[in-house]
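Working notes, beginning with the structure itself.
All of the numbers you see were taken from the coordinates with simple rules; none came from a lab. These figures come from a predicted structure and were not determined experimentally. Ideal geometry is used to build each Cβ from the backbone, glycine not excepted, and the neighbour counts take in all protein chains shown.
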Amino acid sequence: MNTLLPNLSAEAALKPEIARRRTFAIISHPDAGKTTLTEKLLLFGGAIHLAGEVAARGERRRTRSDWMEIEKKRGISVSSSVMMFERDGFVFNLLDTPGHEDFSEDTYRTLTAVDSAVMVVDAAKGIEAQTLKLFEVCRLRDIPIITFINKVDREGRDPFELMDEIADKLALELSPVTWPIGMGGQFHGCFNLTTNDFHRVTDAGGTGYGGTTKLSGLDDPALDAAVNGGVLEEFRAQAELATSALPAVDMESYREGHLSPVFFGSALRDFCVADLLDGLAAWAPPPRPQPAGEATVDPNQDAVSALVFKVQANMDPNHRDRIAFARICSGRFSRGMKLNQVGTGKSLAVTAPIFFLADERELAEEAWAGDIIGIPNHGTLRVGDTLAERTDLRFTGLPRFAPEILRRVRLGDPMKTKQMRRALQDLSEEGLAQVFRTHLGGDHIVGVVGALQLDVMASRVAAEYKVTIDFEPAPYATARWLGGDPKLVKAFVDGNKSTVADDVDGDPVYLARNAWELNYVRERNPDIKFLETKEMR
Ligand code: GDP
């Protein structure tokens with residue numbers, strides 16, 4: 001019997017399912033319109049029927065209302081989630097990235113789980129600090145970008161000036177897809193340069209979306225009837241220049257990260273949101289191979305594998321449950337499947353996997369490479385875990401970064417030491433902050449990349465564990481994981497008890513008081529590696 005046959009046919013069945021998946025994130029600077037665009041994508045994707053509320057968020061707010069207070073107060077989104085919807089035969093998995101710069105580590109991890117990104121830019125502001133930072137992460141990870149220049153219904157900057165700025169700051173070629181017909185008080189709608197679709201405003205001077213007409217081209221007389229003379233003349237001149245001077249979308253160049261298709265539109269007023277979805281369907285890459293050390297894992301492989309890129313604890317404060325968010329990296333997963341938690345020797349029956357749809361959750365009976373499933377668990381799953389039918393596979397590329405801010409934890413009520421330890425352990429396993437335990441004194445040191453994480457940590461410990469903690473200065477400026485010959489590392493640890501701590505996995509870290517000390521110790525110990533990142537377990 002030919003044992004190759006069943007596998008081959010299984011893989012052939014996989015391919016079309018995987019090819020129709022688009023797993024992406026939206027990156028932007030706060031206030032550019034990411035939330036609004038998310039809602040509208042879900043609306044146009046048919047996932048929700050009423051815009052104005054992303055129901056999944058609403059639910060999260062209710063169950064996590066306490067610590068979400070911070071989010072409300074600061075007006076930022078501090079946790080990421082996942083939304084799945086289907087449109088025109090394509091399955092979209094939209095991963096929400098936290099918008100604040102302090103959350104670069106969490107954002108970084110979320111971006112490891114997507115195949116492409118949509119960059120939202122405010123038409124009045126252009127490229128802002130956080131957009132740039134997130135874009136750089138995308139570039140580092142070869143994530144192709146589609147640009148959405150939002151809020152053209154308001155007074156914005158000249159479209160060419162915006163295009164130039166983006167091209168210069170991001171070193172990208174840009175390819176215009178939709179173009180605004182006037183902006184602000186002169187806004188008349190948008191035009192799709194590739195399909196000749198004219199998205200009209202409801203009435204002259206209004207900004208509401210009044211429907212779409214397919215035209216014959218830029219010269220179509222319907223435009224003359226609908227758009228006032230001066231605005232139309234300027235639009236035609238711009239659109240002609242844009243199509244002649246700028247390249248058309250070249251899928252390969254886009255997927256390689258050299259070119260970005262650009263959509264001008266308005267998330268709030270519904271302009272060009274459907275065009276953006278069509279663009280994602282047509283050009284954005286399907287699930288890509290996932291790095292595993294030197295090798296990569298082909299998504300079309302029959303054997304199922306998944307990577308946990310995010311863990312969220314206490315989604316329901318009444319139950320100490322956690323949801324591990326796993327990206328299926330290869331194959332077709334089905335509910336009840338037993339997967340190995342690679343590296344621990346344990347195997348896990350995934351009996352209650354969850355899909356996060358826009359306004360509800362659903363048991364995931366089957367999922368394909370590119371999909372994100374939530375796996376409820378009691379702390380067994382951690383960020384960075386590989387789950388696979390095979391036992392010899394380990395995904396890489398989800399590092400922890402050396403924290404730049406270190407603080408000693410001070411406990412309000414000394415009777416609550418146990419709860420505090422539990423809280424710190426849980427939240428550090430979730431990846432919210434890193435927690436180190438000093439060898440001498442057993443202090444708990446919390447390490448973060450951005451200061452806001454400290455507030456979130458204290459607030460969540462109070463809300464979810466009923467323990468009051470605050471943070472006091474610690475005499476350390478940075479931490480480095482120790483690597484190299486285990487014997488030498490042990491000798492170093494024994495000789496430097498006052499400056500060594502354990503991380504949450506029990507791995508030793510060196511805590512340096514300042515950069516000078518770090519250099520000095522590094523020079524004195526040339527055989528030890530002082531590592532700025534650690535691959536998660
Ligand atoms: P986020 O911080 O990036 O998630 O931004 P939001 O989606 O919360 O939007 C920030 C503000 O911009 C809100 O007041 C939105 O109503 C507004 N906004 C978003 N999109 C548009 C748009 O297309 N036109 C206009 N005029 N306002 C918009």
Put +1 on the Cβ of each Lys and Arg and -1 on the Cβ of each Asp and Glu in the chain; which of L132, F471, T178 then has its Cα farthest toward the positive end of the dipole?
F471
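With n ≥ 4 as the cut-off for DSSP H runs, can you work out [θ] at 222 nm for the chain, using -39500 (n - 2.57) per run divided by the number of residues, rounded to the nearest 500?
Computed ellipticity for the chain at 222 nm equals -9500 deg cm²/dmol.
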Of the options T438, G206, A117, report the single residue whose Cα projects farthest towards the positive end of the charge dipole of the chain (beta-carbon charges: Lys, Arg +1; Asp, Glu -1).
T438
Which of the lysines could a cross-linker bridge to K346, judged by Cα under 16 Å and excluding same-chain residues fewer than eight apart?
K338
Cα centroids of segment 454-486 and segment 220-288: how far apart, whole angstrom?
46 Å
How large is log10 of I(q)/I(0) for segment 262-312 at q = 0.19, 0.25 Å⁻¹ when the intensity is taken from the Debye formula with one equal scatterer per alpha-carbon?
-0.79, -0.93
Radius of gyration, Dmax [segment 382-454; alpha carbons; angstrom]:
15.1, 47
Excluding residues fewer than 8 positions from K151 in its own chain, the lysines with Cα under 26 Å of it are K34, K40, K72, K73, K125, K133, K169, K214
What aspartates and glutamates could a cross-link reach from K529, if we take a straight Cα to Cα line under 14 Å and drop same-chain neighbours fewer than 8 places away?
D485, D507
Let me know the whole percent of all Cα-Cα pairs from segment 290-388 that are separated by more than 18 Å.
43 percent
Positive end of the charge dipole of the chain (Lys, Arg +1 and Asp, Glu -1 on Cβ, about the Cα centre): tell me which of G370, I146, T417 has its Cα farthest that way.
T417
Nothing charged except the Cβ atoms of Lys and Arg (+1) and of Asp and Glu (-1): what's the magnitude of the dipole of segment 399-535 about its Cα centre? Round to the nearest 20 debye.
320 debye
A correct Karplus calculation of ³J(HN,Hα) over segment 340-346, with 6.51 cos²θ - 1.76 cosθ + 1.60, θ = phi - 60°, whole Hz and x for Gly and Pro, returns 7, 8, 4, x, 9, x, 8
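What translational D, rounded to a whole number of µm²/s, comes out for segment 431-537 from Stokes-Einstein when the hydrodynamic radius is the Kirkwood one over Cα pairs, at 20 °C and 1.002 mPa s?
145 µm²/s
Report D for the chain in µm² per second (integer): Stokes-Einstein, Kirkwood Rh on Cα pairs, 4 °C, 1.567 mPa s.
52 µm²/s
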Hey, could you pull the Cα Rg and Dmax for segment 165-287, both in Å?
14.7, 46
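Roughly how many debye, to the nearest 20, is the charge dipole of the chain about its Cα centre, given +1 on each Lys and Arg Cβ, -1 on each Asp and Glu Cβ, and no other charges?
2340 debye
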Charge dipole (debye, nearest 20) of segment 169-258; +1 at Cβ of Lys and Arg, -1 at Cβ of Asp and Glu
240 debye
